[in-house]
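Encoded as structure tokens, the structure appears first; notes follow it.
The values are calculated or read from the model by the stated rules, or taken from the named source; none is laboratory data. Computed from a predicted model, the values in this text were never measured in an experiment. Neighbour counts run over all protein chains shown; Cβ positions are idealised from the backbone, glycine included.
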Amino acid sequence: QVQLVESGGGLVQAGGSLRLSCAASGRTGSMYAMGWFRQAPGKEREFVAAMGWSEGSSNYEDSVKGRFTISRDNAKNIVYLQMNGLKPEDTAVYYCAVGPHSRLRTVYDYVYWGQGTQVTVSS
């Protein structure tokens, strides 16, 4: 199994930035891709970004392209989500997850999940 712990969420004004971190432990050798998802109140969990753990290919949801950047530190087993130009509609609980490929965008494709970190963007 892989254990994931997110951190870095908080309250920020519109236009501000946050960097989320997701630390992985356990069977990290089985991680092929790391993804970030988010879930706003009353909405389904949706894909944000993903990255191939070894080759570094990335994939973004259209509404965050150019604003969010996913990266990873293989030595530390940490994946980051740098979020710039935040908007009130980015408010959600953000989750990281482990999946088989960075091209995959549905929650059903990802096996291990963190507990989430709250991001709130005020207008």
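Within segment 79-105, count every residue that is part of a loop (DSSP other than H, G, I, E, B) and modelled with pLDDT of 95 or more. Spell out how you get there, then give the answer.
Residues of segment 79-105 part of a loop (DSSP other than H, G, I, E, B): 84-87, 91, 100-105.
If we keep only those that are modelled with pLDDT of 95 or more too, we end up with 84-87, 91.
Residues flagged as part of a loop (DSSP other than H, G, I, E, B) and modelled with pLDDT of 95 or more within segment 79-105 amount to 5.
Looking only at segment 63-88, how many residues end up being touching a residue at least 40 places away in the same chain (Cβ under 8 Å) and closer than 21 Å to A40 by Cα?
9
So which strands (runs of 3 or more DSSP E) are wholly in segment 1-78 and hold at least 1 residues that are surrounded by fewer than 19 Cβ atoms within 10 Å (Cβ to Cβ) and under 12 Å from the mean Cα position of the chain (by Cα)?
Because the criterion is at least 1 residues that are surrounded by fewer than 19 Cβ atoms within 10 Å (Cβ to Cβ) and under 12 Å from the mean Cα position of the chain (by Cα), the strands (runs of 3 or more DSSP E) in segment 1-78 that meet it are 2-7, 18-26, 33-39, 46-52, 58-60, 68-73.
Those residues that are aliphatic (A, V, I, L, M) and under 18 Å from L4 (Cα atoms), I need them from segment 93-123; list them, please.
Of everything in segment 93-123, those that are aliphatic (A, V, I, L, M) and under 18 Å from L4 (Cα atoms) turn out to be V93, A97, V98, V107, V111, V119.
Specify which of the listed residues (F37, F68) is closer than 14 Å to T117 by Cβ and among the aromatic types (F, W, Y).
Going through F37, F68 in turn, the sole match is F37.
Are there any pairs, at least 6 apart or on different chains, whose C-beta atoms fall under 8 Å, with the first in segment 23-34 and within 21 Å of T117 (Cα to Cα) and the second of a type in the set (S, T, Y) and surrounded by fewer than 16 Cβ atoms within 10 Å (Cβ to Cβ), and if so, which?
A23/S7
When you scan segment 93-103, how many residues do you find that are surrounded by fewer than 21 Cβ atoms within 10 Å (Cβ to Cβ) and farther than 11 Å from F37 by Cβ?
The number of residues fulfilling the criteria is 3.
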